[in-house]
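Each remark here refers to the structure printed beneath this line.
The values are calculated or read from the model by the stated rules, or taken from the named source; none is laboratory data. A quick note: this is a predicted structure, and the numbers were derived from the prediction, not measured. Reconstructed Cβ throughout: ideal geometry from the backbone, glycine too, with neighbour counts over all protein chains shown. Please note that ligands, DNA and RNA were not included when accessible areas were found on the heavy atoms of the full protein model with its side chains. Shrake-Rupley method; radii C 1.70, N 1.55, O 1.52, S 1.80 Å.
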Amino acid sequence: MSTEISGAERWLAAIVESSDDAIIGESLEGVVTSWNRGAEHIFGYSAQEAIGRPIQSLIWPAEEDQKDTALLRRVVRGERIEHFDAVRRHKNGTTVLVSLSMSPIRDSGGRLIGVAKIARDITSRVALEQSLIASSDQVRALTDQEARARAASLANQRFRELIENAPDGILQVDSTGRIILSNRTAETLFGYTSDELLRGRVDDLVPEAHRRGHAEHRANFAKAGVARPMGLGLDLYARRKDGSEFPVEISLSPVKTEAGGVHVTAVIRDVTERKRTEEQVRTLQESYMAELKARQKEAERLNHLKDEFLASVSHELRTPLHTILGFTDLLGEELEGPLNDTQREFVRHIHRDSEHLLGLINDVLDLSRIETGQLRLHAESLSLREAIFEAVSGIKSHAEARSVDIDSDDPGDLHVIADPVRLRQILYNLLSNAVKFTAAGGKVTVKVRRQGAAVRITVADTGIGMSREDQAQIFERFYQVTHKTGGAGLGLAICKQLVEMQGGSISVESELGIGSQFHFELPLT
Amino acid sequence: MVWGESVDGLRQNTNGTRKRVLIADDSQSSLDLLRFILERSGCDVIEAQDGKQALILALQYNPDLFILDLNMPQLDGYGVAAELRKQAAFMQTPILALSAGITATDSARITQAGFSAFLSKPIPPAALRKCISELL
């Protein structure tokens, strides 16, 4: 071969030599045929050391890379590989990262005679990339961290402010009773600065009287480990720096520390205002109760007075009438001397009207006593037969004088639960009305019907009867169908009250011109 | 009202002396009425205006019959009866109670207090005479 190298070849050689990249020629067997300065630099072997040696032993890493082998085969087949990243080894053992391009070398006949490889050292590039990534990661991490730190600090600050300005005082106490945390409200409540609080013990804030028990309570609480809320109804007091005491509500919660101990967080509320209001309410209530009691007493007193008044009035009104009647009777007996017909007539009038007046007084008194709830009934088991007999006997002479016939059912052995005096009063009242409103030749009957657990007594007459309108109002106080027959219209009202007080009911059936029937019920014994 | 009923009085007891009746009522009018009826029946009448006076006069006159109004101020009929029954002299003496408006409870109380009988005012004179003749 002529040593004459053409100018072009020399130029090419110069380019190859001056390239920073490693330009390596290899035989098909992988033996190095050319090794440029770039290769010397990148891989550390000199041209003398490299040429003639198998490339694998030189720069390939310890473990065979399958990819490389596969690629090489492709090049051998005539392919061109460009920019393929690979790991190679420097002479001194360090790892070199390269970007490889491989192309086949052909002779003038086009026959593959070798492989030309260009390797660019990308170690530093990769390193740079990695360091960039790392540092950008770092930066990101740093920014993240910073952001988190800032957020944390912000949250912390807000949290702190929250605690500081909470409406209630907040203290945290360690297991020895020393205050390890306090807020502004606590300072205001107790009159200490935060320094003073943090230097002090929680027992100082407890009134002296309760100090002894307090330490024990704290220990018990810490042991129990369960939060204790406010409003348990305990009467607690706290002590200010100046010694004054104020009422408080305290809620406690335990906080486990990392060291395994227990701290206690206490939230303290000044309830002076609330207590004052409660006290006011209580005082108000008490005064209302007292007022109520006083009024009740007054009402009772007035009732009692009324009672006494009625009793004395009745006595005062009736006493003279008794004697009037008595003397009238005596006159009528003619024991002190005979009377002429006119005089007898006078005496009769006086007697009748006096009796009438007495009846009115009794009615008025009865009704007012019933209405003020002062009439007392004494219920007994009474023989109905006897009661009816008595009432009928009482009215008999009067009825005979008016030529009205009276008849009555025999109730047999029936007994009712009633007040004897009042039952007599009711029967007498009804009978006297019946006789009063029945013309001569008429008839009054007392009927008895059993109805389950009660008995219905009817006083029927063949008298003048009354209209529907009158029937509806007949039991009302002062109501009178006619005012001609005298009376005050109280009799039936009293009957109604008396019957109802004994658990019964009263009613009327009537037809004008035919007659009336008054019914009332009483419970059987 | 009854007319011309014969007087059922006791003019004399077995050995001929007139019966002595002590009457007590705070109403003078009532006392007058009783006096008329009793004297007509041949009894001697001692009047008392109240319970205390009744007891004093009782000891003084030793009556054969007491007629007491239940409703008197200070010491009422019940009180007088109770006191009388404590005394040996009057343990057996008949005592009649007079009152307006006697209720069922009252009648029980009357018997318990030691009264021998009672009458409700207004009392027809005939009824009073009948009662007295039964008691004496």
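If the requirement is being of a type in the set (Ser, Thr, Tyr), part of a helix (DSSP H, G or I), open to solvent by less than 40 Å² (accessible area, probe 1.4 Å) and within 12 Å of another protein chain (Cβ to nearest Cβ), which of these qualifies: A:Ser368, A:Ser354?
Details: A:Ser368 fails: within 12 Å of another protein chain (Cβ to nearest Cβ).
Only one candidate passes the filter, namely A:Ser354.
Where in the range B:55-136 are there helices (runs of 4 or more DSSP H), lying wholly inside it, with at least 2 residues that are of a type in the set (Val, Ile, Thr)? Break it down into steps so the answer makes sense when it comes.
Numbers: elements: B:77-86, B:104-113, B:125-135.
Where helices (runs of 4 or more DSSP H) fall fully within the range B:55-136 and carry at least 2 residues being of a type in the set (Val, Ile, Thr), they are B:104-113.
In this structure, does A:Phe389 turn out to be open to solvent by 60 Å² or more (accessible area, probe 1.4 Å) and under 57 Å from the mean Cα position of the chain (by Cα)? Reasoning before the result, please.
Values: open to solvent by 60 Å² or more (accessible area, probe 1.4 Å): yes; under 57 Å from the mean Cα position of the chain (by Cα): no.
Taking the combined requirement at face value, the residue does not satisfy it.
Which members of the range A:158-209 meet the condition of being small (Gly, Ala, Ser) and surrounded by 13 or more Cβ atoms within 10 Å (Cβ to Cβ)? Walk me through how you get there before you give the answer.
The initial filter retains those residues of the range A:158-209 that are small (Gly, Ala, Ser), namely A:166, A:169, A:175, A:177, A:182, A:186, A:191, A:194, A:200, A:209.
Answer for the range A:158-209, where residues must be small (Gly, Ala, Ser) and surrounded by 13 or more Cβ atoms within 10 Å (Cβ to Cβ): A:Ala166, A:Gly169, A:Ser175, A:Gly177, A:Ser182, A:Ala186, A:Gly191, A:Ser194, A:Gly200.
Would you call B:Gly42 touching a residue at least 24 places away in the same chain (Cβ under 8 Å), within 30 Å of A:Leu331 (Cβ to Cβ) and loosely packed, with under 15 Cβ neighbours inside 10 Å?
Numbers: touching a residue at least 24 places away in the same chain (Cβ under 8 Å): yes; within 30 Å of A:Leu331 (Cβ to Cβ): yes; loosely packed, with under 15 Cβ neighbours inside 10 Å: yes.
Judged against the criteria, B:Gly42 is a match.
Under 9 Å between Cβ atoms, at least 6 apart or on separate chains: pull out the pairs that start in the range A:399-423 with a residue that is free of Cβ contacts under 8 Å to residues at least 24 places away in the same chain and more than 14 Å from chain B (Cβ to nearest Cβ) and end on any residue that is open to solvent by 40 Å² or more (accessible area, probe 1.4 Å) and aliphatic (A, V, I, L, M).
Hits for this filter: zero, empty list.
Can you tell which of B:Pro125, B:Pro73 is open to solvent by 60 Å² or more (accessible area, probe 1.4 Å), out of contact with any Phe, Trp or Tyr (no Cβ under 8 Å at 6 or more places or on another chain) and either within 13 Å of chain A (Cβ to nearest Cβ) or modelled with pLDDT under 95 (or both)? It would help to see each step written out before you state the result.
Numbers: B:Pro125 fails: open to solvent by 60 Å² or more (accessible area, probe 1.4 Å).
Exactly one residue qualifies, and that residue is B:Pro73.
On the given criteria, is A:Glu334 touching a Gly at 6+ places or on another chain (Cβ under 7 Å), at the interface with chain B (Cβ under 10 Å from one of its Cβ atoms), modelled with pLDDT of 85 or more and open to solvent by 20 Å² or more (accessible area, probe 1.4 Å)? Even if it seems obvious, please write down each step before you answer.
Details: touching a Gly at 6+ places or on another chain (Cβ under 7 Å): yes; at the interface with chain B (Cβ under 10 Å from one of its Cβ atoms): yes; modelled with pLDDT of 85 or more: yes; open to solvent by 20 Å² or more (accessible area, probe 1.4 Å): yes.
Yes, satisfied.
Being over 30 Å from A:Thr265 (Cα atoms), open to solvent by less than 60 Å² (accessible area, probe 1.4 Å) and among the small types (Gly, Ala, Ser), is that true of even one residue in the range A:145-153? Steps first, please.
Our first condition is that a residue be over 30 Å from A:Thr265 (Cα atoms); within the range A:145-153, this holds for A:145-147.
If we keep only those that are open to solvent by less than 60 Å² (accessible area, probe 1.4 Å) as well, we get A:147.
Narrowing further to those that are among the small types (Gly, Ala, Ser): A:147.
Looking through the range A:145-153, at least one residue is over 30 Å from A:Thr265 (Cα atoms), open to solvent by less than 60 Å² (accessible area, probe 1.4 Å) and among the small types (Gly, Ala, Ser).
Scan A:Thr257, A:Thr272, A:Thr265 and give me the residue that is under 22 Å from A:Leu205 (Cβ atoms), open to solvent by less than 30 Å² (accessible area, probe 1.4 Å) and polar (S, T, N, Q). Break it down stepwise before answering.
Numbers: A:Thr257 fails: open to solvent by less than 30 Å² (accessible area, probe 1.4 Å); A:Thr272 fails: open to solvent by less than 30 Å² (accessible area, probe 1.4 Å).
Testing whether each residue is under 22 Å from A:Leu205 (Cβ atoms), open to solvent by less than 30 Å² (accessible area, probe 1.4 Å) and polar (S, T, N, Q) leaves just A:Thr265.
Within the range A:303-331, work out how many residues are within 16 Å of A:Asp366 (Cα to Cα), within 7 Å of chain B (Cβ to nearest Cβ) and modelled with pLDDT of 85 or more.
Final tally of qualifying residues: 1.
Determine, yes or no, whether A:Ile113 is in a strand (DSSP E or B) and over 22 Å from A:Lys67 (Cβ atoms).
Working: in a strand (DSSP E or B): yes; over 22 Å from A:Lys67 (Cβ atoms): yes.
Here the answer is yes, as A:Ile113 does meet what is asked.
Criterion first (under 60 Å from the mean Cα position of the chain (by Cα), within 14 Å of chain B (Cβ to nearest Cβ) and without any contact (Cβ under 8 Å) to a residue 12 or more places away in the chain) does A:Arg376 satisfy it? Step through it out loud before you land on a result.
Working: under 60 Å from the mean Cα position of the chain (by Cα): yes; within 14 Å of chain B (Cβ to nearest Cβ): yes; without any contact (Cβ under 8 Å) to a residue 12 or more places away in the chain: yes.
When the stated conditions are applied, A:Arg376 passes them.
Restricting to the range B:15-39, and then to whatever is in contact (Cβ under 8 Å) with a residue 60 or more places away in the chain and touching a Leu at 6+ places or on another chain (Cβ under 7 Å), can you tell me which residue is nearest to the other protein chains (Cβ to nearest Cβ)?
B:Ile37
Determine if the range A:298-316 includes at least one residue that is farther than 29 Å from A:Ala227 by Cα, open to solvent by less than 70 Å² (accessible area, probe 1.4 Å) and under 34 Å from the mean Cα position of the chain (by Cα).
no
May I ask you to say which residue of A:Ala227, A:Ala222 is aliphatic (A, V, I, L, M), open to solvent by less than 40 Å² (accessible area, probe 1.4 Å) and modelled with pLDDT under 85?
Details: A:Ala227 fails: open to solvent by less than 40 Å² (accessible area, probe 1.4 Å).
Sole residue among the options that is aliphatic (A, V, I, L, M), open to solvent by less than 40 Å² (accessible area, probe 1.4 Å) and modelled with pLDDT under 85: A:Ala222.
For the range A:6-65, which positions are in contact with a strand residue (DSSP E or B) (Cβ under 8 Å, 6 or more places away or on another chain), among the small types (Gly, Ala, Ser) and in a helix (DSSP H, G or I)?
Answer for the range A:6-65, where residues must be in contact with a strand residue (DSSP E or B) (Cβ under 8 Å, 6 or more places away or on another chain), among the small types (Gly, Ala, Ser) and in a helix (DSSP H, G or I): A:Gly38, A:Ala39, A:Ala47, A:Ala50.
Confirm whether A:Arg73 is at negative phi and either open to solvent by less than 60 Å² (accessible area, probe 1.4 Å) or modelled with pLDDT of 85 or more (or both). Can you show your working first?
Working: at negative phi: yes; either open to solvent by less than 60 Å² (accessible area, probe 1.4 Å) or modelled with pLDDT of 85 or more (or both): no.
No, not satisfied.
Going by what's in this entry, would A:Ala86 be described as outside any loop (DSSP other than H, G, I, E, B), open to solvent by less than 90 Å² (accessible area, probe 1.4 Å) and closer than 19 Å to A:Gly114 by Cα?
Working: outside any loop (DSSP other than H, G, I, E, B): yes; open to solvent by less than 90 Å² (accessible area, probe 1.4 Å): yes; closer than 19 Å to A:Gly114 by Cα: no.
So A:Ala86 does not fit the description; no.
I'd like to know if the range A:254-268 contains one or more residues that are among the charged types (D, E, K, R) and within 31 Å of the chain's Cα centre (by Cα).
Quick first cut of the range A:254-268, residues among the charged types (D, E, K, R) only: A:256, A:258.
Among the residues that remain, those that are also within 31 Å of the chain's Cα centre (by Cα) are: none.
Taking every residue of the range A:254-268 in turn, none turns out to be among the charged types (D, E, K, R) and within 31 Å of the chain's Cα centre (by Cα).
Hey, can you tell me all the residues within the range A:418-472 that are open to solvent by 30 Å² or more (accessible area, probe 1.4 Å), part of a loop (DSSP other than H, G, I, E, B) and within 22 Å of A:Ala399 (Cβ to Cβ)?
A:Phe437, A:Ala439, A:Ala440, A:Gly441, A:Thr462, A:Ile464
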